[in-house]
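Beneath this line is the structure, given in structure tokens, with notes to follow.
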Amino acid sequence: MIYEGKAITVKEIEGGIAQLNFDLQGESVNKFNRLTIEELRAATDKLQAQKGLKGLVVTSSKDSFIVGADITEFTDLFAGPEEDLVANNLKANEAFNAIEDLPFPTVTAINGIALGGGFEMCLATDYRVMDKKAKVGLPEVKLGIFPGFGGTVRLSRLVGVDYAVEWICGGTENRADKALKIGAVDAVLEGEKLVEAAIGIINQCNDGKLDYQARREEKKGKIKLNAMESMMAFEISKAFVAGQAGKNYPAPVEAIKVMQKHAGLTRDKAIEVEAKGFAKMAKTNVAACLVGLFLNDQELKKKAKAWEKEANEVKLAAVLGAGIMGGGVAFQSALKGTPILMKDINQDGIALGLKEAKKLLTKRIDKGKMKPDQMADVLNNITPTLNYGDFKNVDLVVEAVVENAKVKDAVLRETEESVREDTILTSNTSTISINKLAANLKRPENFCGMHFFNPVHMMPLVEVIRGEKTSDRAIATTVAYAKAMGKTPIVVNDCPGFLVNRVLFPYFGGFVNLVRDGADFQHVDKVMEKFGWPMGPAYLLDVVGMDTGKHAGEVMAEGFPDRMKHEGTTAIDVMFDNNRYGQKNDKGFYKYELDRKGKQKKVVDEETYKLLEPVVQGKNDFSDEDIIARMMLPLCLETVRCLEDGIVEDPADADMGLVYGIGFPPFRGGALRYIDDMGVDKFVELADKFADLGALYHPTEKLREMAKTGEKFFG
């Protein structure tokens with residue numbers, strides 16, 4: 001044994017060839033934490049001192065190669081001074097440079113996922129061989145940063161500026177065939193042949209058939225573009241990426257600027273430029289928020305994993321109601337491998353559900369995500385039915401009928417009579433109390449909410465709602481099924497609107513009050529989209545549907561009359577009363593027309609302003625800051641109440657629910673992190689400024705106490 005540590009071992013395997021193997025003890029995956037980086041440097045020192053070596057193969061004992069840096073270390077690391085971050089990166093890069101400078105050829109055998117620092121490790125060796133099923137990439141921009149272990153330097157010289165920009169700024173995970181095509185790897189093989197192939201490359205280098213030194217010098221040198229070519233490549237890239245990423249995500253454009261700065265430098269100087277640029281991005285609030293979201297997501301996954309241990313396996317599911325929503329649930333279940341019965345009361349409903357599933361599958365084929373013969377396999381996992389004949393074999397039922405308490409009650413009671421005593425019943429209600437729906441069930445312990453978001457195939461969140469009598473087994477099985485469908489489940493307690501809609505409707509309340517007070521709804525939309533929302537509130541209401549918005553609003557007003565009940569007629573009422581349901585019938589706040597690709601596009605409709613005249617009290621030109629405050633304060637304060645009321649377990653659940661459920665701007669981290677970043681005291685002060693607008697703007701006593709003591713929601 002040449003070197004033995006807790007993350008890395010090095011031994012000679014044959015003919016003077018050494019094997020450096022990553023196998024981080026106590027972890028299911030390899031990652032670059034402080035220990036691993038320290039051991040990498042120690043291992044390279046041993047390799048440099050070892051006599052008679054002719055080459056090095058880098059391998060992993062885990063299913064993945066290396067998943068990246070240890071992100072749990074980022075929070076403390078990024079909190080330090082910028083100069084310390086630069087020094088830390090330069091220190092880490094010494095280990096990667098030492099691998100690159102070894103006095104013999106080096107090859108990495110990529111047996112599984114190699115992302116971020118993991119792929120940067122691969123780039124440090126002379127050659128790379130890759131398993132057919134593996135993926136490689138540099139996804140750091142998704143955390144508000146960019147590669148800091150030499151990735152911008154080595155990749156831009158290895159594959160060229162255009163591909164380096166695409167991979168780094170897109171943060172993509174890339175399949176083996178694409179990596180081979182652009183020259184990021186040198187061979188693609190079956191996993192069991194990787195080490196043999198790596199040894200073969202080393203032998204060819206030592207036999208003079210491959211010039212590893214020339215390849216190494218090219219990777220360590222300057223980018224081979226003249227001044228004009230360099231300017232064109234980088235300036236065009238910056239303009240395009242800036243348009244794609246937007247100003248709220250600075251890391252992609254900054255990565256291009258850094259590559260442009262170090263294009264004419266050799267490795268060591270280029271890495272200094274990269275380290276300074278990395279530190280600059282790491283100190284942004286965007287990075288802090290995105291890293292926070294990543295860590296929150298990891299916590300959600302841990303909770304789901306804990307629930308899965310208590311779950312019953314769902315071998316066969318069923319969905320009641322074969323409309324757009326039911327068809328979406330059936331599609332998602334079948335696509336991910338859980339067979340599902342799709343029941344409706346008439347053949348037209350069945351046809352609609354199957355049409356939805358076929359439409360979604362056809363889109364996957366058109367985008368190259370699925371082969372045509374796989375479509376039949378998925379559709380065969382969906383069994384349409386007009387009766388309860390096979391329901392004795394069903395493990396979990398998703399009720400997705402119309403959002404009406406009486407209808408749901410009847411359907412759930414009927415279903416309960418047709419399933420086994422241990423079958424879990426769930427309701428895809430968006431607002432109706434789970435306790436209310438459970439009242440007439442014989443086995444309420446087997447019942448909970450399973451709230452999907454529309455469109456089901458795109459929205460990642462599922463709210464799993466616990467009623468007063470819901471058992472842990474019901475929650476665990478529902479969470480496990482949501483996970484099996486590829487969704488992120490968050491367990492919440494029962495209340496009107498649960499988490500997401502309870503928080504969303506105060507936001508809509510802020511909007512209708514702005515319109516009442518004379519704000520232009522188009523201006524409000526533009527301000528909130530600029531703030532970071534994927535769509536403004538008027539546009540969002542059109543997408544949700546005005547009938548849905550009005551119904552849900554009434555449920556929320558009944559549940560929380562002190563702050564969610566509106567006096568008089570609102571803008572939503574006007575749209576509903578005039579049959580302007582939004583995208584459902586091509587007119588709401590906006591009109592909707594088909595573009596050249598057959599997709600709905602919104603256009604301004606002057607008639608909307610005439611219809612709104614009776615509910616508008618004067619005309620006001622609100623500042624952007626006031627619009628943001630009047631929209632965000634109610635949403636954030638209701639999130640605080642959900643936490644205080646125990647609807648969610650912790651701040652992470654609340655913020656992730658809003659990001660995944662309603663598109664809260666990820667770069668702002670969630671409602672509670674938004675309060676933290678503003679400062680709880682400043683947030684309370686701002687709320688008090690708008691106190692005369694009503695209870696939606698009144699901070700809780702606990703929040704006031706937090707403002708006084710300097711307490712935060714996160715850390």
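Taken together, the values in this text are just the output of simple stated rules run on the coordinates, not laboratory data. This structure is a prediction, so every number in the text was calculated from the model and none was measured. A quick note on method: Cβ atoms are made from the backbone with ideal geometry, for glycine too, and the neighbour counts reach across all protein chains shown.
Some observations on this one:
- For the chain, the share of DSSP beta bridges that are antiparallel, to the nearest 5, is 30%.
- Vicinal HN-Hα couplings computed from phi for the range 704-715 (Karplus, 6.51 cos²θ - 1.76 cosθ + 1.60; Hz; Gly/Pro x): 4, 5, 4, 4, 6, 8, x, 6, 10, 6, 10, x
- For a paramagnetic label modelled on Glu94 (point 7 Å from Cα along Cα→Cβ), amide N atoms under 17 Å away belong, within the range 115-159, to 149-150.
- Simple rule: put +1 on each Lys or Arg Cβ and -1 on each Asp or Glu Cβ in the chain, find the dipole, and look at Val543, Met450, Ala95; the Cα lying farthest toward the positive end is Ala95.
- 3J(HN,Hα) along the range 458-469: 9, 7, x, 8, 10, 7, 9, 9, 8, x, 4, 10 Hz, from the Karplus curve 6.51 cos²θ - 1.76 cosθ + 1.60 with θ = phi - 60°, whole Hz, x for Gly and Pro.
- If R0 is 60 Å, the Cβ-Cβ spacing of Arg473 and Ala49 corresponds to a FRET efficiency of close to 0.55.
- Its DSSP H runs of at least 4 residues, each contributing -39,500 (n - 2.57), put the calculated 222 nm mean residue ellipticity of the chain at -16000 deg cm²/dmol, to the nearest 500.
- Förster-model FRET efficiency, 35 Å R0, Lys301 and Ala410, C-beta, rounded to 0.05: 0.40
- Angle between the chain longest axis and helix 680-689 axis [Cα atoms, degrees, rounded to 10]: 30
- Approximating the spin labels as points 7 Å out from Cα along Cα→Cβ, the Thr385-to-Val615 distance works out to 4.4 nm.
- Cα-centre dipole for the chain with unit charges at Cβ (Lys and Arg positive, Asp and Glu negative), debye to 20: 1760
- In terms of the mean number of neighbouring beta-carbon atoms within 10 Å, the peptides 659-672, 22-35 order highest first as 659-672, 22-35.
- Using a simple spin-label model with pseudo-atoms 7 Å out from Cα toward Cβ, Thr569 and Asp645 lie 3.0 nm apart.
- Leu189 long-range amide H proximity, modeled H, under 5 Å: Met130, Asp131, Lys132
- Rounded to the nearest 10 degrees, the inclination of helix 161-170 to the longest alpha-carbon principal axis of the chain is 40 degrees.
- Gained length - Asp677 relative to Glu166, 0.36 nm times residue gap less alpha-carbon distance: 180.8 nm
- Taking label points 7 Å from Cα along the Cα-to-Cβ direction, Lys315 and Ala351 give a separation of 3.5 nm.
- Packing-based ranking, highest mean first, of 238-250, 451-463 given that Cβ atoms within 10 Å are counted: 451-463, 238-250
- Stretched out straight at 0.36 nm per residue, the stretch from Asn226 to Ala695 would grow longer than its current Cα-Cα span by 162.5 nm.
- Amide H contacts under 5 Å for Tyr581, placed H, 5+ residues apart: Lys587
- Acute angle (nearest 10 degrees) that the helix 82-100 long axis makes with the longest principal axis of the chain, alpha-carbon atoms: 50
- Calculated from backbone phi, Karplus (6.51, -1.76, 1.60) coupling profile of the range 369-381 in Hz, x at Gly/Pro: 8, 8, 8, x, 5, 6, 4, 5, 4, 5, 4, 5, 7
- Cross-link check: pairs Lys305/Lys355; Lys133/Lys181; Lys371/Lys392; Lys301/Lys355 evaluated at a Cα-Cα cut-off of 23 Å; pairs beyond the cut-off: Lys305/Lys355; Lys371/Lys392; Lys301/Lys355.
- Long-range amide H partners of Lys62 with built H, under 5 Å: none
- Here, P(r) means the percent of Cα pairs in each 5 Å bin from 0 to the largest distance; for the range 381-444 it is 3, 17, 30, 26, 15, 7, 1.
- Net charge contributed by nearby residues that have their C-beta within less than 11 Å of Lys619 (K/R +1, D/E -1): -4
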